[in-house]
Structure formats: C-alpha cells, structure tokens
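This report concerns only the one structure given below.
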Amino acid sequence: MGKRNAFLPEKNPTYRSLKFICDNELYYMVKMTQWFDVVLLNPDEEIAIYAIHEPGHSEEVISYLILGNEKALLIDTGMGIGNIKAVVEDITSLPVEVVLTHSHFDHTGGTKHFDKIAIHEAEAESLQNGVDNDFLITQIIDNYVWRPFPDGFKPDQYTIPPCTPTVLLNDQDIISIGGYDLEVIHTPGHSPGSICLWNKEKGHLFAGDTIYQGPIYGHLNESDLEQYFSTIKKFSSLFDEVNVIFPGHNKTPLDKSFLQEVIYGFCQIKDGSAEFSQNELFITYEFKSFQVLVSKETQI
Ligand SMILES: [Zn+2]
Ligand SMILES: [Zn+2]
C-alpha cells in the first residue's frame, strides 16, 4: 500500500466536512447495524440499489448491493470489520455475486464470505495474496476509528485471507443480474485493475476509488497518473449519458456536476494550471470538492 500511512484523512478539513447526506429526497436511511449504515438509494425504482456504508472508520468506504430480478450483485465487500454477509442476507435471499472495483483492503475485507467473486484480471494476484495483520492493525489505530468495533471483531486477528476470483474481468464485459446490466469500464490510475461499472440505461456510474469527493489517491506505488488521464478521457466521452455517480468513499450519490469538476480538474493537472501544495512525500492538487494526491516522483 506504499505511502498510504503517511496521509491522515481525518485531518483534512474538506474530508471531515463531507456528510453522508444528500439534499434531495431520493434516498433515506433504512438500517443501522453496529458497524454499517445501510441506505436504500432509489426507493421509487424497480431495481433496488443499497449503499452499505462504514462511517465509523476514516475510510468511510461504501459498498453497493443491487437487487436484480435473478440475482443480487455486491459491489465491493468493505473493510472486513463488520460482517457484510449478514447485512446482505438481511436484505435479500437472492443468490449473491461479488464484483470488486479493485483489490485494496478497504474494498475486499468481506470477500471471504462469498463464493462468486469477479475482479479485473490485473488484480487477481493481489486478491490472492490477502492482507496480513501487520498491515491491517496500522489501519485501525484509534484516530482512524470513530465507532466501537462490532461484537466478535478482534483487532489482533484482523486479516483479509487470500481469495480466489471465480471470474476475471476485462474492459467492456457485461454483468447481468436480470433487469439491470453493468458494463465493466477498465479505469486504471488509482490501481492497475481498477474498474468502474456502468449502467447505460439509467446512467449509473459505480466509480470505486477512481473518483469520489475527498482526497483521491494517485500517489500509491501501484498508481499511475498517465493512466489516470486516459481514464478521465473515457469519462469525458461518457459524460453526456451519466446521470448519477456512486463512488466508493464518503458522500453518495453524486450528480454529474462532480464528474464535470473531475474532468476539468485533471485537465488542469495535465496542463500545469492546477493549484497544488506539497510535502516531502507527495503533491496535493486542490479542487473544490476533491483533491488528487500524486507521488513527487511523477513527471507531468
Ligand atoms: Zn483503493
Ligand atoms: Zn478505497
């Protein structure tokens, strides 16, 4: 995970000001467990989309559960601190398949509970490596955690065991769950096998860690800014059709004005006009509702 520990997101005022509240009336809180807040995002629509949020940890990661007519799709499995499978089973009895936006620990922690697991082929190996307690223990230190751990969670036994994917994804693959299709868009940049999932009919873009409000990590060892530029170009060609963005962290949903801000921001990074600050480790480009962190070794 490279230099991730060097950054303390809870000390970023922009990040801390974000709330898991939307100012339209399109969704409402449906359930709070010890660890998860579960929100039905589209109560008026036939295909239900739930956000499964982990607001007690500074990552504020969000997984999504979509109930198709034939099966349910779980997009990411969270940190593995609470039991996401129990949450899913509380919502649906449909068979559940998992698709991972990438292999980072905050999106793969609950993968061990499921049998059908899809990930981009570029991160299959990373998923099969698992994550050990030596690293994970550094991610649950006091100032990263704002909610008591759920019953049964033992920090000294916190690991993400190796998981073997059952499906290897590539760009333009289609995932069908009955009445709702998602196209895989390969969006490397944050990590080599990052994907977004695109429902063309509704204009839904599930964005993983590729874009969200708050600090976007383009500074990790596995990140690549040139690839990020190409990914943002893909978003530009999709822009007219996007209605709503469901990101992997912080506030959800986001409307397309955010996508516009991101596209414009990355253009400014590329042409050298973006405002930035820097420390000894990385450069931070600052925009209204997001930042982009880039390694100081990156040549622009
Ligand atoms: Zn990530
Ligand atoms: Zn993440």
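Every number in this text was worked out from the coordinates using simple rules, so none of it is lab data. Quantities reported herein were computed from a predicted structural model and do not represent experimental measurements. For neighbour counting, all protein chains shown are included, and Cβ atoms are generated from backbone atoms with ideal geometry for every residue, glycine included.
Largest first, the three principal axis extents of the alpha carbons in segment 213-300 are 38, 25, 24 Å in whole numbers. Hydrodynamic radius of segment 54-180 by the Kirkwood approach over all distinct alpha-carbon pairs: 15.1 Å. Taking all Cα pairs closer than 8 Å and separated by 6 or more residues, the relative contact order of the chain comes to 15 percent. Of all aspartates and glutamates in the structure, those lying under 13 Å Cα to Cα from residue 112, and not within fewer than 8 positions of it along the same chain, are 76, 97. Label point of residue 133 set 7 angstrom out along Cα-Cβ; within segment 43-81, amide nitrogens under 18 Å from it belong to 80-81. Across segment 78-137, the volume of the C-alpha convex hull divided among the residues equals 80 Å³ per residue. Across segment 110-223, the relative contact order, built from alpha-carbon pairs under 8 Å that are at least six residues apart, equals 24 percent. Applying 1/(1 + (r/R0)^6) with r as the Cβ-Cβ distance of residue 70 and residue 239 and R0 = 25 angstrom yields a FRET efficiency of 0.20.
Can you give the net charge of the other residues whose Cβ lies under 12 Å from the Cβ of residue 167, counting K and R as +1 and D and E as -1? Net of charged neighbours comes to -3. The string of couplings for segment 154-169 from the Karplus curve (6.51, -1.76, 1.60, θ = phi - 60°) is 10, x, 6, 10, 6, 9, 10, x, x, 10, 9, x, 9, 9, 9, 9 Hz, one whole number per residue in order, with x for Gly and Pro. Cα extents for segment 108-176 along the principal axes, largest to smallest and rounded to whole angstrom: 41, 24, 21. What you get for the chain, charging only the Cβ of Lys and Arg (+1) and of Asp and Glu (-1), is a dipole of about 440 debye around the Cα centre. Pairs from the list 202/256; 116/200; 85/251 with a Cα-Cα gap above 18 Å: 116/200; 85/251.
Could you pull out every one of the aspartates and glutamates with an alpha carbon less than 18 Å from that of residue 296, ignoring same-chain neighbours closer than 8 positions? Straight-distance partners of residue 296: 222, 224, 226, 271, 275, 280, 286.
For the chain, the direction-averaged projected area of the alpha-carbon convex hull comes to 14.2 nm². Think of the chain as a dipole: +1 on every Lys or Arg Cβ, -1 on every Asp or Glu Cβ, centred on the Cα centre; then among 219, 159, 170, 219 lies furthest on the positive end. Each label point was placed 7 Å from the Cα along the Cα-to-Cβ direction; for residue 141 and residue 202 their separation is 4.0 nm.
Phi-derived couplings, Karplus 6.51 cos²θ - 1.76 cosθ + 1.60 at θ = phi - 60°, listed residue by residue for segment 114-120: 10, 9, 9, 9, 10, 8, 4 Hz, with x used for Gly and Pro. Both the radius of gyration and Dmax for segment 120-237 are 16.9, 47 Å, in that order, over alpha-carbon atoms. Pairwise alpha-carbon distances in segment 27-121 exceed 18 Å for 39% of all pairs.
What does the net charge come to around residue 121 if you take all other residues with beta carbon closer than 13 Å to its beta carbon, with K and R at +1 and D and E at -1? Numbers along the way, then the final one.
On the way: positive: none; negative: 123, 125, 171, 173.
Its environment carries a net charge of -4.
Seen from residue 178, the other residues with C-beta closer than 14 Å to its C-beta sum to a net charge of -4, counting Lys and Arg as +1 and Asp and Glu as -1. Highest GNM mean-square fluctuation among 210, 166, 231, for the chain modelled with Cα contacts below 10 Å: 166. When restricted to Cα atoms, segment 157-199 yields an Rg and a Dmax of 13.2, 40 Å, respectively.
Set the Cα radius of gyration of segment 169-263 against 2.2 N^0.38 Å, with N its number of residues, and you get 1.01. Comparing Cα centroids, segment 259-297 and segment 87-135 end up 30 angstrom apart. Taking 85, 31, 112 in turn, the Gaussian network model of the chain (Cα-Cα springs below 10 Å) assigns the largest fluctuation to 31.
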